[in-house]
Amino acid sequence: MPWLIILQSLYFFLPAYIANMAPVLFKWLPILNRPVWEKGLGTNKTWRGLVAATLVGGLVFSLQKLFHNTGFVQLSLINYSDFSVLLGFLLGFGAIAGDAVKSYYKRKIGIAPGKPWMPFDQLDFVIGGLAVSFFFYVPPVSIIIVLLLFSPFLHIIVNHFGYWLKINKSRF
């Protein structure tokens, strides 16, 4: 049964996971490619990334809600019928906001863009996504622990794939 809790945790957080990848996946879009706050966050945190992440979070949650309502409930940690898709938008926004907060502090201590800052690079979006989602849903502590333990490994694996596919500039 512990595997079910792990899978349910990861499935619940899927909107934030995919939202965290959205800025890289939507780099090709020629709109909103302006820094949110260049002085504090650098040039890599753009309005395009912020909007894409938030929308992707809502879209993924909408799909989860659709799947749940058509009978796919095995991996559901929550009853998606009871929640507005706003929770998905918040998970996406929280993930990207957590990344932005980490970037701010990264700049403050002089770490260059793209350079690793472990474990913060792997946990920023998790903490941000969870914090913002608390407005609608506070998961059990066991779910939070699973997300904090497994997300760094998933983040590293996905970044390595992105690097091998020449989507990411670095492995971390």
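In the range 72-172, what trypsin sites (Lys or Arg not before Pro) fall in a loop by DSSP, with at most 16 other Cβ atoms inside 10 Å?
Filter output for the range 72-172: 166, 169, 171.
Under a straight-distance cross-link criterion of Cα-Cα below 13 Å, which aspartates and glutamates are reachable from residue 102, leaving out those fewer than 8 residues away in the same chain?
Counting by Cα, and skipping residues close in sequence, residue 102 has these aspartates and glutamates nearby: 121, 124.
Assign one of three labels to the range 98-169, namely rounded, prolate or oblate, based on the Cα gyration tensor with a ≥ b ≥ c the square roots of its eigenvalues; rounded applies when a/c is under 1.5, prolate when it is not and a/b is larger than b/c, and oblate otherwise.
Taking the square roots of the gyration eigenvalues as a ≥ b ≥ c, the range 98-169 is oblate.
Under a Cβ-only charge scheme (Lys and Arg +1, Asp and Glu -1), can you give me the dipole magnitude of the chain about the Cα centre, in debye to the nearest 20?
760
How big is the C-alpha Rg of the chain next to the rule-of-thumb value 2.2 N^0.38 Å, as a ratio? Walk me through the numbers on the way to the answer.
Values: Rg = 15.9 Å, N = 172, 2.2 N^0.38 = 15.6 Å.
Ratio of Rg to 2.2 N^0.38 Å for the chain: 1.02.
Along the positive direction of the dipole of the chain (beta-carbon charges: Lys, Arg +1; Asp, Glu -1; about the Cα centre), which of 2, 158, 146 reaches farthest?
158
Under a Cβ-only charge scheme (Lys and Arg +1, Asp and Glu -1), can you give me the dipole magnitude of the range 75-172 about the Cα centre, in debye to the nearest 20?
I would put it at about 580 debye.
Rounded to the nearest whole Å³, what is the per residue volume of the convex hull around the Cα atoms of the range 63-134?
Here the figure is 99 Å³ per residue.
Quick one: 160, 155, 68, fewest Cβ neighbours within 10 Å first, how do they rank?
By the 10 Å Cβ count, ascending: 160, 68, 155.
Scan the chain and note any complete DSSP helix (H) whose C-alpha atoms cover at least 30 Å along its axis and whose Kyte-Doolittle average is 0.5 or more.
Length and hydropathy pass: 47-69, 141-164.
Taking residue 65 as the anchor, which lysines have their alpha carbon closer than 21 Å to its alpha carbon, excluding any fewer than eight residues away along the same chain?
Of all the lysines, none pass the test against residue 65 - Cα under 21 Å, at least 8 places apart if same chain.
We did not get these values from a lab; they are worked out from the coordinates using the rules stated. Because the structure is predicted, anything quoted here is derived from the model rather than measured. All Cβ positions, glycine included, derive from the backbone under ideal geometry; neighbour counts span all protein chains shown.
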